Amino acid sequence: MARTIEVLPDAVANQIAAGEVVERPASVVKELVENALDARAGRVEIELAGGGKRKVRVADDGLGMSREDALLSLDRHATSKVRGTSDLRALKTFGFRGEALPSIASVSRLTLETQADVAEPGTSIRVEGGRILQVRDMARTRGTTVQVERLFFNAPARAKFLRNTAAETRAVSDAVGTLSLAHPGVAFRLESEGRVLLDLNAASDLPNRVAQLWGDRAAEELIPVHGEGEGFRLVGLVQRPDAARPGFRRTALFVHGRPFREPALIRAGDRAYRTTVAPETRPWILLELRVPAGSVDVNVHPTKAEVRFQNRNAVEALVERSIREALEGEASAATMDQDLPLPHVQVRERSPAGPGDGGGSSETQMALFLRGDGAPGPEPGQEVDGLVPEPAEPPRLWQVHRAYILAEVRDGLLLIDQHAAHERVLFEEIMRSFDTGGSEGQRLLFPLTLRLPAAEYEQAEALSGLLHQTGFEVEGFGGDTVIVHGVPAPHPNFDAERSFREMIEELTHGSELVRSARNQHERVAMSFACKSAIKAGQTLDEREVQELFDRLFATELPYHDVHGRPTVVRLSSRELERKFGR
Amino acid sequence: MNFTITRQNLHKGLAAVSASIPTKTTLPVLSNILFEATSEGVRMSGTDLDVGVRIQVPADVSLEGSLTAPGKKLQEIARELPDEPVRITTQGDQIELRCGRSHFKLNGLPSEDFPTLPAVSFESGWQATGETLLSLIHHTSFAVSTEESRPILNGVLWELSDGQMRMVATNGHRLAKMTVPAASSSHTTVQFIVPPAALQQVQRLFGKEEEVVVGQEGNHLGFRSGGTEVYTRLIEGSYPNYDQVIPRDNDKWAVVDRKTLESAVRRMAVVASDQTHRIRMSLAKEQMQLNVLTPDLGEGHDEIEVQFEGDDLEIGFNAAYLLEILRYMDTEEVRLGFKAPERAATIEPVSGEGEESGIEYLCLVMPLRLLD
């Protein structure tokens, strides 16, 4: 009987592998660009024709290959990156399976041009359908250029699944954009049919790369994230809560510069935004992970789009914690600054204005002493920030419109919404007090006797334990009546009855706010914070303003209230100067 | 209008009235003082629509008439004038003021624009000595509520009944009540709920020795002594039954030196939470312990000697409420009464032997629930 099982010839094996690695031009580009990055390229240029279906050309200025290496690279499982299985776990480079180049070569007409050493001539190799047609010397600069033409010319079934040119171009552009985020220090250029789609110079850091890709405004809306734990390191950018919108979002995850998909980590990021954004809002999240060797398996999928973490919970916790910490900072506050550059007008500073000036009056106060031009002291606009340590002086505060607190801080102004700020303060205080058994209730001389609708009465009874911990001592009196013996005292003008009624109503019938809560404790705390906080219209004296300011900045997330609205809007001195054309 | 007045009388009148005019108002005439010159002298009136003050000062009137003029400005001018007779005349809506070589013209508004102060008849009124009235106000009005949801508690309850006069104020967390003997009158018991702003004017304008007549007209009350009158709108509604919440069954009594307790509580309050000012008081034989523990800040502990009768007790208080009450106690020692950690505590002065004055002063403070 004849043998029915045969070892496949390499060409066939390569074609099968190609089915896994190479789906479309975008995956060709991804593989080739990753090779370029592994070769420590400083600049990667990509050219497309027909959305990459007709031609993909990736040129880099990386290390290049010797002729021997170049030929080996077209052999399946030939790789410079893995020597044994132990290396597989400690991977730091992109490619390692040794599948990419031979797989691509097996389904296209591929030309590889490379030079590694100036002392030796460069090499050009032409391959068609996996068969090497020609190897010759060539003169070129250091680096590698791979040109892939007529992708899937010998796999018509696969060619049929390619989409139209525009869609394939877009996919390539997305893939390059994503990789460029992971490598801000590398210059990228993408051209399609002579049109420049991306032209990114080497950027100093991720924010600058984001600005190159999506504009300055997008970059200004992102705040940096840093985190470390259990050997993992996390850096990245996430969106300021006030800039986040429902609908479209950008997310990107990298591990050692390798993009991957992991919805669970994005979800962990979303959890970190809890109470700082409205529930349906989807903030941008761009994160890069550095992991200890051996803790991640990237060999799950041929295109390495998925990775497997040994301890995914720890990674999720790190993501959530780090983003949360980023949201605690002032940078996460809403801002009044605009990125639109205003026309810069050079105005000569006038001599010190007298009190009569500016009031529209034509009289001017004569100055007794004129300040000499050579007067010591910093010139306006001169950068002294870096030299002078932050003064210990507390910021000056004013209440404006009986709704906001205006704070003069070192590098600008803060406007604080008094209600939102107090909400944040109360929310965190109540959440913390739940851990310690609740907060004090002030017993009442004249207990409140309240009649409630049946559903609300039941809710009040059911929640009486938690309500008690917020300070509301509630006792069912029978029928539809509850007696409130004790109330919290969140501020001197607290209207306990109204707050209690509104809270029970919200907890009974639900609201957008309480639906965003994770558990019953949070529901009660959110509702309590919202209904009990100082309202707009409440006059605050100097001491109360100061106290609210201090307590707000003692919270974990001072810049965001519990509804996902900002508590603070920032106007930087820089922006003020720009507005006034200084 | 044309009159001559001494600088002292002008200043006295303006000072009395201008404190009652609002600093910010949407009704311009309210920042003015109404001058009415009659054969009996000059009356000056000011009001913020809730409380009004009127004072009559002697003046040599040569032409009767009336006009309103900016109150604060006039007061500031009067303060700076030399000690010479001041002649005040009007010209249309302008008021002119001459004193020595100083001469001012200020724009006024016609007197018809000025709100009429309530016409209160003092004929059938009540009488109280300034001393009684001021003591009642002083000892109770601090306890009124500033929270606006229960307007009733924004006022001081004033009860006048046969042989006694009483004021009560509370914000629902603590209460102050004082009763003093008053000249017997045949009136049945009457109750007023008086805004503290009016009582402040009474405190400011009337002396201890003065005999104050009080009259009511509708929902307005008037106070009068000499040429000075204070009018106020009363707060309408029924005051909560304060008598019902005064504990009768307190069975644990501590007598303590007021100053010692006050300074100990003040020390504890430093470390107490800004929000609740919670301190913990433990009472056992001969000793009161004060404790405070504030998360994120720290803790404090203090001990005071007391005479204590009853079972041991631990109770929480808002230190600010205790301090406030202790400040208004006039005696060296105070007596604190307790029943249970969730029941009202009483604080009252301990008068020395033979000092029975018939004055009853009692403050209540509701505890803060303690967490374990």
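The values are calculated or read from the model by the stated rules, or taken from the named source; none is laboratory data. Since the model is a prediction, treat every value here as computed from it, not as a measurement. Glycine gets a Cβ as well: all are built from the backbone with ideal geometry, and neighbour counts include every protein chain shown.
Any idea which of (1) touching a residue at least 40 places away in the same chain (Cβ under 8 Å); (2) closer than 25 Å to B:PRO195 by Cβ is the one B:PRO22 doesn't satisfy?
Failed condition: (1).
Looking at the structure I just gave you, is A:ARG551 out of contact with any Gly (no Cβ under 7 Å at 6 or more places or on another chain), within 14 Å of chain B (Cβ to nearest Cβ) and farther than 22 Å from B:THR146 by Cα?
yes
Specify the residue that is farthest from A:THR555 (Cα to Cα); the eligible residues are those in the stretch B:299-331 that are away from chain A (no Cβ under 14 Å) and touching a helix residue (DSSP H, G or I) at 6+ places or on another chain (Cβ under 6 Å).
Among them, the one singled out is B:MET329.
Yes/no matrix, rows are residues, columns are (1) part of a helix (DSSP H, G or I); (2) at pLDDT 85 or above:
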{"site": "A:ALA167", "(1), (2)": "yes, yes"}
{"site": "A:ALA202", "(1), (2)": "no, yes"}
{"site": "A:ARG209", "(1), (2)": "yes, yes"}
{"site": "A:ARG249", "(1), (2)": "no, no"}
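Taking the stretch B:211-232 on its own, how many of its residues are surrounded by fewer than 18 Cβ atoms within 10 Å (Cβ to Cβ) and out of contact with any Lys or Arg (no Cβ under 9 Å at 6 or more places or on another chain)?
Of the residues in the stretch B:211-232, 4 are surrounded by fewer than 18 Cβ atoms within 10 Å (Cβ to Cβ) and out of contact with any Lys or Arg (no Cβ under 9 Å at 6 or more places or on another chain).
Hey, any hits in the stretch B:154-163 for a residue that's assigned to a loop (DSSP other than H, G, I, E, B) and without any contact (Cβ under 8 Å) to a residue 12 or more places away in the chain?
Among the residues of the stretch B:154-163, not one is assigned to a loop (DSSP other than H, G, I, E, B) and without any contact (Cβ under 8 Å) to a residue 12 or more places away in the chain, which makes the answer no.
Being closer than 20 Å to A:GLU316 by Cα, part of a strand (DSSP E or B) and among the small types (Gly, Ala, Ser) is the requirement here; does A:GLY269 meet it?
No: the conditions fail for A:GLY269.
Quick check, is B:LYS285 more than 30 Å from B:LEU10 (Cβ to Cβ), away from chain A (no Cβ under 14 Å) and touching a residue at least 40 places away in the same chain (Cβ under 8 Å)?
Answer is no for this residue.
Hey, does the stretch A:479-502 have a residue that's surrounded by fewer than 19 Cβ atoms within 10 Å (Cβ to Cβ), under 30 Å from A:PRO246 (Cα atoms) and out of contact with any Leu (no Cβ under 8 Å at 6 or more places or on another chain)?
Yes.
With the structure loaded, tell me whether A:MET503 is within 21 Å of B:ARG150 (Cβ to Cβ) and touching a residue at least 24 places away in the same chain (Cβ under 8 Å) or whether it fails that test.
It is true that A:MET503 is within 21 Å of B:ARG150 (Cβ to Cβ) and touching a residue at least 24 places away in the same chain (Cβ under 8 Å).
Residues that are farther than 25 Å from A:GLU191 by Cβ, at pLDDT 80 or above and of a type in the set (Lys, Arg): find the helices (runs of 4 or more DSSP H) completely inside the stretch A:43-125 holding 1 or more of those.
A:67-73
Going by the conditions given, is B:ALA143 within 14 Å of chain A (Cβ to nearest Cβ), closer than 25 Å to B:GLN201 by Cα, without any contact (Cβ under 8 Å) to a residue 40 or more places away in the chain and touching a strand residue (DSSP E or B) at 6+ places or on another chain (Cβ under 6 Å)?
No.
Could you check the stretch A:446-502 and list, in sequence order, the residues that are more than 9 Å from chain B (Cβ to nearest Cβ), among the hydrophobic types (A, V, I, L, M, F, W, C) and within 30 Å of A:PHE549 (Cβ to Cβ)?
Scanning the stretch A:446-502 gives A:LEU466, A:LEU467, A:PHE472, A:PHE500.
Looking at (1) buried (at least 20 other Cβ atoms within 10 Å of the Cβ); (2) modelled with pLDDT of 85 or more; (3) not in a strand (DSSP E or B), can you tell me which one A:ARG40 breaks?
(1)
Going through B:THR146, B:THR116 one at a time, which residue ends up being closer than 30 Å to B:THR6 by Cβ, out of contact with any helix residue (DSSP H, G or I) (no Cβ under 6 Å at 6 or more places or on another chain) and modelled with pLDDT under 95?
When all the criteria are applied, what remains is B:THR116.
Just the residues that are within 11 Å of another protein chain (Cβ to nearest Cβ) and in contact (Cβ under 8 Å) with a residue 40 or more places away in the chain, please, taken from the stretch A:430-443.
Within the stretch A:430-443, A:SER439, A:GLU440, A:GLY441, A:GLN442, A:ARG443 meet the criteria.
How many of the residues in the stretch B:24-79 are of a type in the set (D, E, K, R) and over 28 Å from the mean Cα position of the chain (by Cα)?
4
Being away from every other protein chain (no Cβ under 12 Å) and surrounded by fewer than 21 Cβ atoms within 10 Å (Cβ to Cβ) is the filter; apply it to the stretch B:270-282 and report the residue that is modelled with the highest pLDDT.
That would be B:SER282.
With the checklist (1) among the β-branched types (Val, Ile, Thr); (2) in a helix (DSSP H, G or I); (3) farther than 21 Å from A:GLN442 by Cβ in hand, flag the one item B:ILE325 doesn't pass.
(3)
Does B:HIS173 fit the bill of being within 21 Å of B:LYS208 (Cα to Cα) and either more than 15 Å from the chain's Cα centre (by Cα) or in the same structural domain as B:GLY215 (by TED's automatic domain parsing) (or both)?
Criteria not met by B:HIS173.
Please enumerate the residues belonging to the stretch A:473-502 that are farther than 26 Å from B:PRO341 by Cβ and part of a helix (DSSP H, G or I).
Selection gives A:ARG498, A:ARG501, A:GLU502.
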